[in-house]
């Protein structure tokens, strides 16, 4: 198993304690970003974690589905989202997802890209473009994030610091357009057309 996925298998039991706070953060996303955008009718979430964003999207009336590579995260999400018509897949999206091309109008990935090495991020972008017909949203930390979070990113061992510095330039190489909106003081949303 990939080191990054293994880490999330280990920390999954702790993530469930942040579910309510995550939902509040994602409600800001739906209000500030999606409120002005009528292009999204369905969502696919790549790296859904405990399912907090999927829960918010479902509550706002969006049909949605998602994939996560950490089995324990999927189990937590299934419990949190029990009884809701949300398709949850377990799998590594960098190895391809058993989802049809152009099957959702929008794809979202929250706090995932920065934890991946560049080669895996390229696969994330390619899968997102394959699945979405209209837009891809990446929700990520900004360069102004909290010290404690920066320390946890060192522990995670991804490319947080490199990605944050070059995200806009990198995304422009992979997508035809890019808009960046600051959601909070330390969170940005990158919005790309497919």
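Things worth noting here:
So that you can scan it fast, the table gives a plain yes or no per residue for (1) part of a loop (DSSP other than H, G, I, E, B); (2) surrounded by 20 or more Cβ atoms within 10 Å (Cβ to Cβ); (3) at pLDDT 85 or above; (4) out of contact with any strand residue (DSSP E or B) (no Cβ under 7 Å at 6 or more places or on another chain):
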| site | (1), (2), (3), (4) |
| --- | --- |
| 12 | no, yes, no, yes |
| 20 | no, no, yes, yes |
| 27 | no, no, yes, yes |
| 31 | no, no, yes, yes |
| 49 | yes, yes, yes, no |
| 55 | no, yes, yes, yes |
| 77 | no, yes, yes, no |
| 82 | yes, no, yes, yes |
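- Residues being part of a loop (DSSP other than H, G, I, E, B), buried (at least 20 other Cβ atoms within 10 Å of the Cβ) and modelled with pLDDT of 95 or more - total across segment 84-116: 1
- Just one of the listed residues (38, 66, 61) is without any contact (Cβ under 8 Å) to a residue 40 or more places away in the chain, assigned to a strand (DSSP E or B) and more than 16 Å from residue 175 (Cβ to Cβ), and it is 66.
- A single member of 150, 129, 120 is modelled with pLDDT under 95, under 16 Å from the mean Cα position of the chain (by Cα), more than 16 Å from residue 29 (Cβ to Cβ) and in a helix (DSSP H, G or I), and it is 120.
- Looking only at segment 19-48, residues that are over 15 Å from residue 137 (Cβ atoms) and touching a helix residue (DSSP H, G or I) at 6+ places or on another chain (Cβ under 8 Å) come to 3 in all.
The values are calculated or read from the model by the stated rules, or taken from the named source; none is laboratory data. These numbers come from a predicted model, not from an experiment. All Cβ positions, even for glycine, are placed from backbone atoms using ideal geometry, and neighbour counts span all protein chains on display.
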